[in-house]
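Comments concern the structure below.
The values are calculated or read from the model by the stated rules, or taken from the named source; none is laboratory data. Since the structure is predicted, the reported quantities are computational estimates derived from the model, not experimental observations. Quick reminder, even Gly has a Cβ in these numbers, built from the backbone with ideal geometry, and neighbours come from all protein chains shown. Only protein heavy atoms, including side chains, enter the accessible area calculation; ligands, DNA and RNA are left aside. Shrake-Rupley method; radii C 1.70, N 1.55, O 1.52, S 1.80 Å.
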Amino acid sequence: MSGTLNADILGNDRIPQQSGLLVPGRLNLAQLQIIESQLAGRPILYLAEENHLLDGKLQAHLDKTATECAVFSLSDNPSSIGSVVKEKLGENGLAIFVTGLANSRPATNCLVPSPIIKFLCQLDVPITPVAVHIPAESCLAIEDPASLPSSIISFGKQIKDKHLSLPGFHQSLLEAAEEAFSSRDFLNGSLPIALLKGLKKHAKTNVLHDGTDDSELPFSKILGAAIALSKEITKSTKK
């Protein structure tokens, strides 16, 4: 389902109707606004770890618009923080953990350190992991970047009770991330056509070096020769 800000939203039927905690694997301002748009009319509590540095634009947004914020430290008592969160959420409020900055490889699913995830699981508040996939970070050469959504937000399955654990969180997050990646348009296309597009696009820049005479052949000539040879082989044998 298409969302705002040129984003796709998946699994919004998995957003809990009762109170709970949403934990995105990664988050910037635009993605937070997308999630907020799905929670219109519901009380929102923003939750952050005091030593987890936030993006400047994200911090400014919270300073300007957030009316309910809670900051915790890993040295705090999880039960005490959990009690505060439950009290503020009431029956149908949702808390959003605000993910901080982190150095990572492109297309990394989770930027939240494991100690923080473990702490959140100890709050005894049901958690819904949220996978944030950015297609531009894993864009194929044959894809048009302008046609890609800025983000694909995929809500995972809620974990609670005995499943509130680091492995339980990551399992749900990875399932949501897989759903997000599987929604990419190029996966519905033809692999041979995709290969031909790639060869056509990069035929002049990719060459094969012949070690016998130091000559170079562009992929465009190799492709033509391969197609012609394949027809001759088909005529000669069925093997």
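Take region 1-52 and flag every residue that is in contact with a Cys (Cβ under 8 Å, 6 or more places away or on another chain) and either aromatic (Phe, Trp, Tyr) or on the phi > 0 side of the Ramachandran plot (or both). Answer for region 1-52, where residues must be in contact with a Cys (Cβ under 8 Å, 6 or more places away or on another chain) and either aromatic (Phe, Trp, Tyr) or on the phi > 0 side of the Ramachandran plot (or both): just 46. Among the residues of region 1-54, those that are in a helix (DSSP H, G or I) and open to solvent by 10 Å² or more (accessible area, probe 1.4 Å) comprise 12, 13, 14, 29, 30, 33, 36, 37. Among the residues of region 102-129, those that are farther than 27 Å from residue 79 by Cβ and among the hydrophobic types (A, V, I, L, M, F, W, C) comprise 102, 107. Scanning region 72-115 for residues that are touching a Ser or Thr at 6+ places or on another chain (Cβ under 6 Å) and among the hydrophobic types (A, V, I, L, M, F, W, C) gives 89, 107, 111, 112. Residues in region 61-81 that are of a type in the set (Gly, Ala, Ser) and within 27 Å of the chain's Cα centre (by Cα) were compared, and the one that is nearest to residue 20 (Cα to Cα) is 70. Output the qualifying pairs, or none if there are none: Cβ atoms under 7 angstrom, residues six or more apart or on different chains, first residue in region 143-170 and in contact (Cβ under 8 Å) with a residue 40 or more places away in the chain and within 28 Å of residue 6 (Cβ to Cβ), second residue open to solvent by 20 Å² or more (accessible area, probe 1.4 Å) and of a type in the set (Ser, Thr, Tyr). Short answer, once both residue conditions are applied: 152/183. No other residue among 119, 181 is aromatic (Phe, Trp, Tyr), under 23 Å from residue 11 (Cβ atoms) and in contact (Cβ under 8 Å) with a residue 40 or more places away in the chain apart from 181.
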